[in-house]
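Everything on this sheet refers to the single structure shown next.
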Amino acid sequence: MTPMIARRCFAAAVLVLTGCATAPVVQPAGLPMLRLSPALLTESASLQQRLHVTRLDDGRVTAQSIDVQLQLEPGSLLLAAFALGQRVLLLQWDGKDLQEQRHAMLPASVDAAHLLRDMSLVYWPAASVQQALPPGWSFSETAAGRELRHDGLLAVGIRIDGPLLGRSQVQLRNLQEHYALQIESAPQESTP
């Protein structure tokens, strides 16, 4: 594979992060940017994940995929994303500082704040998310998952199949920023 082809393949692989981290569409009520502290987490988990992102606004059904290792603990979050065998992103969040290490080829549109918001919607306790929302927004758990609404209208729907911190599939559909995110998770195997 030539260096040019390798760079193009690498760039295509990291675009998956762009889907869930693009700047929001300018609308009267953009999605709230949540920065919930990991201290609010009630359980720990170490997960291996496969993320699939699909854009919803361009009429094409092209999903991009990327591998992630996610460590959630009361007090800290660690996310490492990999494409083509290389780490392209490392996020560390302790509730005060969001530290980020990025690969040089990772698009600038991949925004750690948006990734943190999406993780908060999926993994943080629903009551903590609701408390952090501005007026007009509501967050609730349903039999099938979770919903973020603005003035009663669905903005983000999250369907959860399986135990959230175990072997599961999560489908996050962001109607306001026009993408769908599927997260396939399994507990990370520990090494002896």
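Which one of these is of a type outside the set (A, V, I, L, M), surrounded by fewer than 16 Cβ atoms within 10 Å (Cβ to Cβ), in a strand (DSSP E or B) and modelled with pLDDT under 95: Gln99, Gln169? Before the answer, list the steps.
Numbers: Gln169 fails: modelled with pLDDT under 95.
Of the residues listed, the single one that is of a type outside the set (A, V, I, L, M), surrounded by fewer than 16 Cβ atoms within 10 Å (Cβ to Cβ), in a strand (DSSP E or B) and modelled with pLDDT under 95 is Gln99.
Within the stretch 87-122, how many residues are charged (D, E, K, R) and farther than 15 Å from Val68 by Cα? Give the derivation first.
To start, the set of residues in the stretch 87-122 that are charged (D, E, K, R) comprises 87, 94, 96-97, 100, 102, 111, 117-118.
Now drop any that are not farther than 15 Å from Val68 by Cα, which leaves 94, 96-97, 111, 117.
Residues flagged as charged (D, E, K, R) and farther than 15 Å from Val68 by Cα within the stretch 87-122 amount to 5.
Restricting attention to the stretch 69-119, report how many residues are touching a residue at least 40 places away in the same chain (Cβ under 8 Å), under 22 Å from Ser44 (Cβ atoms) and touching a Lys or Arg at 6+ places or on another chain (Cβ under 9 Å).
Within the stretch 69-119, residues that are touching a residue at least 40 places away in the same chain (Cβ under 8 Å), under 22 Å from Ser44 (Cβ atoms) and touching a Lys or Arg at 6+ places or on another chain (Cβ under 9 Å) number 8.
Count, please, the residues in the stretch 121-131 that happen to be outside any loop (DSSP other than H, G, I, E, B) and crowded, with 17+ Cβ neighbours inside 10 Å.
5
Can you pull out the residues in the stretch 132-141 that are over 27 Å from Leu89 (Cα atoms) and either surrounded by 12 or more Cβ atoms within 10 Å (Cβ to Cβ) or small (Gly, Ala, Ser) (or both)? Please lay out each step first, then the result.
As a first pass, look at the stretch 132-141 and keep what is over 27 Å from Leu89 (Cα atoms): 133-141.
Matches in the stretch 132-141: Leu133, Gly136, Trp137, Ser138, Phe139, Ser140, Glu141.
Kindly indicate the residue of the stretch 104-115 that is part of a helix (DSSP H, G or I) and crowded, with 20+ Cβ neighbours inside 10 Å and also farthest from the chain's Cα centre (by Cα) among those meeting that condition.
Taking the stretch 104-115 and keeping what is part of a helix (DSSP H, G or I), we get 112-115.
Now narrow it down to the ones that are crowded, with 20+ Cβ neighbours inside 10 Å: 114-115.
Numbers: His114: 7, Leu115: 4 Å.
That would be His114.
For the stretch 81-94, which residues satisfy the criterion of being surrounded by 15 or more Cβ atoms within 10 Å (Cβ to Cβ), among the small types (Gly, Ala, Ser) and over 12 Å from the mean Cα position of the chain (by Cα)?
Ala83
Of (1) at pLDDT below 90; (2) part of a strand (DSSP E or B); (3) more than 28 Å from Gly152 (Cβ to Cβ); (4) out of contact with any Lys or Arg (no Cβ under 7 Å at 6 or more places or on another chain), Ser65 satisfies all except one. Which?
(4)
Among the residues of the stretch 148-163, write down those that are surrounded by fewer than 18 Cβ atoms within 10 Å (Cβ to Cβ) and either part of a strand (DSSP E or B) or under 14 Å from the mean Cα position of the chain (by Cα) (or both).
Across the stretch 148-163, the qualifying residues are Arg149, Leu153, Leu154, Arg159, Asp161.
Select from the stretch 140-188 the residues that are of a type in the set (Ser, Thr, Tyr) and touching a residue at least 12 places away in the same chain (Cβ under 8 Å) and write down the one among them that is nearest to Thr54 (Cα to Cα).
Tyr179
The values are calculated or read from the model by the stated rules, or taken from the named source; none is laboratory data. The structure presented is a predicted model; accordingly, all values stated were derived computationally and were not measured. Glycine also receives a Cβ, built like all others from the backbone with ideal geometry; neighbour counts cover every protein chain displayed.
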